[in-house]
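No value in this document is a laboratory result; all are computed from the given coordinates. From a predicted model like this one, the values you see are computed outputs, not experimental measurements. Glycine also receives a Cβ, built like all others from the backbone with ideal geometry; neighbour counts cover every protein chain displayed.
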Amino acid sequence: MTENPAFWLPFTANRAFWKSPRVITQAKGHHYLTDQGQELLDGFSGLWTTGLGHCHPKIVAAIQSQVSELDFCMSFQVTNNKAIELADRLAELAPASINRVFFTNSGSESVDTALKIALAYHRARGEGQRTRLIGRERGYHGVNFGGMSVGGMMPNRKTFSAAMLPGVDHLRHTHELSQMAFSQGQPEWGLELAEDLERLCRLHDGSNIAAVIIEPVSGSSGVLVPPQGYLQRIREICDQYGILLIFDEVITAFGRTGAAFAAERFAVTPDIITTAKGLTNGVLPMGAVLVKDEVYQALMHGPEEMIELFHGYTYSGHPVCAAAGLATLEAYAEEHTFAQSRQLEPIFERLLHSLRDCPHVIDIRNFGLMGGVELAPRDGKVGVRGFAAFLDCFKQGVVIRNSGDTLSFSPFLNSTETELEQIVETVRTALLRLA
Ligand SMILES: Cc1ncc(COP(=O)(O)O)c(C=O)c1O
């Protein structure tokens, strides 16, 4: 490593990082190896991405074979066989009414694509006045201008306040400690928070609202689980006012909630689903926006030789990424990964909630294989205790993540019980000695 490394890390405290860098050089299965020779259990499956484990042989082989067969081809007015096939497989996996797929390269791009499709849909139907977008406080929808605007995490918005999209409102978030601390799965309290959407419909008139975007389970802001009935009520209000419902499933798709999509697990079908991460098991960057046929059909008008949606990326449907996606979906099916994840859920829940009496813990939340342990902040220093816990766990050989003072967990969908125990016991050790 040079004395003054050029690399500017994303979402990282760069100056502190370079004083004691954490550099991974290899990964296999459920473990990483660092440049210091330390073996780490990956308690976060990459970055919510790699549910099947690292360097899955089937995915590695598919990429190696594809890159020597068709490395890339033009993606506008021309496409490749692997992208066509992957779109069909995704449409089969998605809820029945959702059967069109637009490819992107990341979660952020999936979100901005979904927002643009929503605006284009209403305009095509002669309802061009529907331009307002609704997000939610503490929501995370990536870092591009659209996703940042509908997102609700203050630090991500603060610096860019002047550049937010106009016409965006936010629902209240659903995390109310006094009512729901230590809930296991979906909190019983909080259904009435969905009425916030009704309030915004009355304020602006629902006929001006294009779409509501929410994460079925918020991930990046510390695992916020929807109250019982909340998502159903949001769907009802959207239907009442003709508003499109977008589920941002960049984290929750592909087994994280014990089903192909959280939409399936919660039995609530949105109009658009955004995905990325688990689509290729995190191996190559790729996202997909899954869209109801009705939305797609509304845009298929005008002269047939005219482009219907002026949107797309050079790498939309990249053949090597698509090959990785196909191998990943096959592996999920062959290994019954979604069912396996569902079976692990009660074990994970029990272990996570065993941390309840540890010092500093003020809440524990879980759904599927997503978990959050919220710590009381150190006096006036939000996030410092959470980051100290992350560092302690890393030193002990387990990778977790902290969102401020909430420790987040995203274990492999095919974890062993022993691995889940190791993650929880490592956190316990850290908490017991943390100031
Ligand atoms: C719900 C959600 N949407 C969007 C994104 C952005 O994805 P990316 O970092 O791939 O752009 C994330 C990333 O964590 C996410 O969790």
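Using a Förster distance of 51 angstrom, determine the FRET efficiency expected from the C-beta separation of residue 304 and residue 18, and round it to 0.05. Between residue 304 and residue 18 the formula returns 0.35. Pairwise Cα distances in the stretch 233-276 exceed 14 Å in 45 percent of cases.
Comparing 216, 226, 359 in a Gaussian network model of the chain (Cα springs below 10 Å), the most mobile by mean-square fluctuation is 359. A Förster distance of 60 Å, applied to the separation of the beta-carbon atoms of residue 9 and residue 240, puts the FRET efficiency at 0.85. Fully extending the segment from residue 154 to residue 362 would add 72.7 nm, taking 0.36 nm per residue of separation and subtracting the current Cα-Cα distance.
With the simple model of a label 7 Å out from the Cα in the direction of the Cβ, residue 47 to residue 2 spans 2.3 nm. Return the single residue from 35, 169, 392 with maximal mean-square fluctuation; model: Gaussian network over the chain, springs between Cα atoms under 10 Å. The residue with the greatest mean-square fluctuation here is 35. Taking 0.36 nm per residue of sequence separation and removing the Cα-Cα distance, the residue 433/residue 26 pair yields an extension gain of 143.5 nm.
Along its three principal directions, the equivalent ellipsoid of the stretch 114-199 from the Cα gyration tensor extends over semi-axes of 27, 18, 10 Å, largest first.
What is the Rg over Rh value, at two decimals, for the stretch 183-276, using alpha-carbon atoms and the Kirkwood definition of Rh?
On the way: Rg = 13.1 Å, Rh = 13.6 Å.
My calculation of the ratio gives 0.96.
For a straight C-alpha distance cut-off of 19 angstrom, the lysines reachable from residue 381 (same-chain residues fewer than eight places away being disregarded) are 158.
Full extension of the chain segment joining residue 71 with residue 177 gains 33.1 nm, where the gain is 0.36 nm per residue of separation less the Cα-Cα distance. Values of log10 I(q)/I(0) for the stretch 5-77 across q = 0.25, 0.27 Å⁻¹ run -1.12, -1.17, by the Debye formula with one identical scatterer at each alpha carbon and no solvent. When the chain is treated as a Gaussian network with alpha carbon springs shorter than 10 Å, the biggest mean-square fluctuation among 133, 86, 165 belongs to 165.
Just want to confirm a number: the relative contact order over the chain, from Cα pairs under 8 angstrom separated by 6+ residues, in percent. Walk me through the intermediate numbers first.
Details: 868 pairs, mean separation 92.8, N = 435.
Answer for the chain is 21 percent.
When averaged across all projection directions, what area in nm² does the alpha-carbon convex hull of the stretch 224-364 cover? All intermediate terms of the calculation are to be shown ahead of the outcome.
Details: hull surface 48.7 nm².
So the mean shadow area of the Cα hull is 12.2 nm².
Once the cut-off is 30 Å, how many percent of the Cα-Cα pairs in the chain end up in the long-distance tail? Roughly 43 percent, once rounded to a whole number.
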